[in-house]
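Undergrad: Quick one: the structure is below, and I'll ask about it shortly.
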Amino acid sequence: SFCIRCELHAEKDDSYYMRRCVEVARTALGCTSPNPMVGCVIVKDGNIVGEGFHPKAGQPHAEVFALKDAGVLAGNATAYVSLEPCNHYGRTPPCTEALIQAKVKRVVVGMVDPNPIVASKGVERLKEAGIDVKVGVEEDLCRKLNEAYIHRMLTRNPLGTLRYSLSLNGLFQSQLGLGADELGGYYSKLLQEYDGIIISGASLAQYSTYPRSREIGAKQPLQIIVATSSSFPIHLPVPDTNEAVVFKLKSTVLEPSTESNLHRLGIEIITLDQMELGQIFSYCGQQGLCSVLVDQRGDCSDFEEIIDKGIEQRLLQKMVAELLPLWAKDSDSDAIRVEGLGQKWIPLEDLKSQASGVSVLLEGYFR
Ligand code: AOF
Ligand code: ZN
């Protein structure tokens, strides 16, 4: 969202309306996968006469809602769309035809659709019909909006984000113990953005609940539970949803009560010879998940190897860290400092920092 003052004083140019498209698109945050979030604004004589967004896969596209909202005023108007209008019959008819029929004069597109069945064909079709088309307005913003959708389109895998918390003297939350997370209050909002969340069986055994977004009306991410322990039977809290899946090693034993709870809820248990993020990610991609949060909360000792490999294999693209306003007293932190020396470093790019409650949040991309 933008500063009200700036918006009031902003020049109402193509960028302005495209930013509005992105804002409108975000109404459906977390709800559109495997489809992208798309916003559309119809402008006539300097006034917004119609707005729409794509609410959910299977439902009409943004352009259809915006054109309906504008009615006859769409004739000779300019349509702004954050993603190239589609030119194919999918679950819904092509948006290019809807725009042509509504007789819009000009179409401004944020970015070309990376979906190979669209990829510039939408733009070509509009131009063919004599419509003035401009592509690439606020493109970075539009790309950021759909970074997960774009990533899955190009790789078939979901965009992977690693999340963790650190004390100010550099200890992981797994070393800090329970109750040290979520101080900044951002976690619930973060969950809302993701299609899936990967959690370790060991950390679930510690917590009595599953991570759920508390945002009103939030679509909850698929709970992807990874159980790797071979040393003792794993007990999991009873899931409060059947939107979950368990990946376990052949050698991992689930407690009988846990196993019967999972069966009762119809939750799939997938057994793997080796626990690799690659296998979990390809399952997620096939299920239409565009984004997955790998959550390092609590005890993730059973998780570290998988994560290290995931970063190495470029399955994890992004990280979100919460710097907690805590100083761990009886820490073994010398060991960590020494261990850190002389190691290989992976640089992070496009870093952003932000205060959240009493914490500092850091976001960056592995390159
Ligand atoms: C648009 N406007 O609002 C969206 C688009 O199965 P369908 O019919 O919903 O088609 C899905 C594809 O359409 C999706 O992969 C993407 O290429 C495009 N999404 N296009 O013009 C929209 N959501
Ligand atoms: Zn469409």
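Any read-out appearing in this document is the output of simple, stated calculations on the displayed coordinates, not a laboratory observation. This is a predicted model, so every value here is computed, not measured. We place every Cβ from the backbone using ideal geometry, glycine too, and count neighbours over all the protein chains shown.
Undergrad: In terms of modelled amide H atoms, which long-range or inter-chain residues lie less than 5 Å from the amide H of THR228?
TA: Here GLY201, ALA202 satisfy the definition.
Undergrad: Quick one: 3J(HN,Hα) in Hz for the range 222-235, Karplus 6.51/-1.76/1.60 with θ = phi - 60°, rounded, Gly and Pro as x.
TA: Those phi angles translate into 4, 7, 10, 9, 10, 10, 10, 5, 10, 8, 8, x, 8, 9 Hz.
Undergrad: I'd like the per residue volume of the convex hull spanned by the Cα atoms of the range 222-367, given in cubic angstrom.
TA: Expressed per residue, the convex hull around the Cα atoms of the range 222-367 is 166 Å³.
Undergrad: Mind listing the long-range amide H neighbours of SER165? Cut-off is under 5 Å, sequence gap 5 or more, other chains count too, H placed in the peptide plane at 1.01 Å from N.
TA: Here GLN173, GLU322 satisfy the definition.
Undergrad: Can you give the alpha-carbon Rg of the range 243-304 over 2.2 N^0.38 Å, where N counts its residues?
TA: Compactness ratio reported: 1.20.
Undergrad: Tabulate in residue order the Karplus-calculated ³J(HN,Hα) for the range 245-256, using 6.51 cos²θ - 1.76 cosθ + 1.60 with θ = phi - 60°, rounded to whole Hz; enter x for Gly and Pro.
TA: After applying 6.51 cos²θ - 1.76 cosθ + 1.60, I find 8, 10, 9, 10, 6, 3, 7, 7, 10, 9, 4, x Hz.
Undergrad: Continuing with this model, one more query. In whole angstrom, how long is each semi-axis of the equivalent ellipsoid of the range 99-233, when you take the square root of 5 times every eigenvalue of its Cα gyration tensor and sort them from largest down?
TA: Listed largest to smallest, the semi-axes of the range 99-233 are 44, 17, 14 Å.
Undergrad: While we're here: Mind checking which of LEU289, LEU166, LEU316 has the largest fluctuation in a GNM of the chain, springs on alpha carbons under 10 Å?
TA: Ranking LEU289, LEU166, LEU316 by mean-square fluctuation puts LEU166 first.
Undergrad: If you take every residue apart from ASN87 with its C-beta less than 12 Å away from the C-beta of ASN87, what net charge results, scoring Lys and Arg +1 and Asp and Glu -1?
TA: On the way: positive: LYS121, ARG125, LYS127; negative: GLU63, GLU84, GLU97, ASP113, GLU124, GLU128.
So the surrounding residues net to -3.
Undergrad: How large is ³J(HN,Hα), in whole Hz, for each residue of the range 139-145 in order, when computed from phi with the Karplus curve 6.51 cos²θ - 1.76 cosθ + 1.60 and θ = phi - 60°, using x for Gly and Pro?
TA: For the range 139-145, the Karplus-derived couplings read 4, 4, 5, 5, 5, 5, 4 Hz, x marking Gly and Pro.
Undergrad: Relative to the compact globular guide of 2.2 N^0.38 Å, what is the alpha carbon radius of gyration of the chain, as a ratio?
TA: Compared with the compact-globule rule of thumb, the chain sits at 1.11.
Undergrad: Any idea what the relative contact order of the chain is, in percent, if you count C-alpha pairs under 8 Å spaced at least 6 apart?
TA: Taking the mean separation of contacting Cα pairs over the length of the chain, I get 15 percent.
Undergrad: If neighbour count is taken as other Cβ atoms inside 10 Å, put LYS248, LYS12 in order from fewest to most.
TA: Numbers: LYS248 20, LYS12 13.
Fewest-to-most ranking of LYS248, LYS12: LYS12, LYS248.
Undergrad: On to the next question. List every residue whose amide H lies under 5 Å from the amide H of GLY50, counting only residues 5 or more places away in sequence or on a different chain, with H placed 1.01 Å from N in the peptide plane.
TA: Amide H neighbours of GLY50: ILE42.
Undergrad: Treat the range 38-117 as a sphere of radius equal to its Kirkwood radius over Cα pairs and apply Stokes-Einstein at 25 °C in a medium of 0.890 mPa s; give the translational diffusion coefficient in µm²/s, rounded to a whole number.
TA: 200
Undergrad: Taking a cut-off of 19 Å between Cα atoms, list the lysines near LYS127, but don't count ones fewer than 8 places away on the same chain.
TA: LYS103, LYS105
Undergrad: While we're looking at this one, here's another question. Using the alpha carbon gyration tensor of the range 1-160, what are the three equivalent-ellipsoid semi-axes (square root of 5 times each eigenvalue), largest first, in whole Å? The partial results should precede the final answer.
TA: Working: eigenvalues 98, 76, 38 Å².
Listed largest to smallest, the semi-axes of the range 1-160 are 22, 19, 14 Å.
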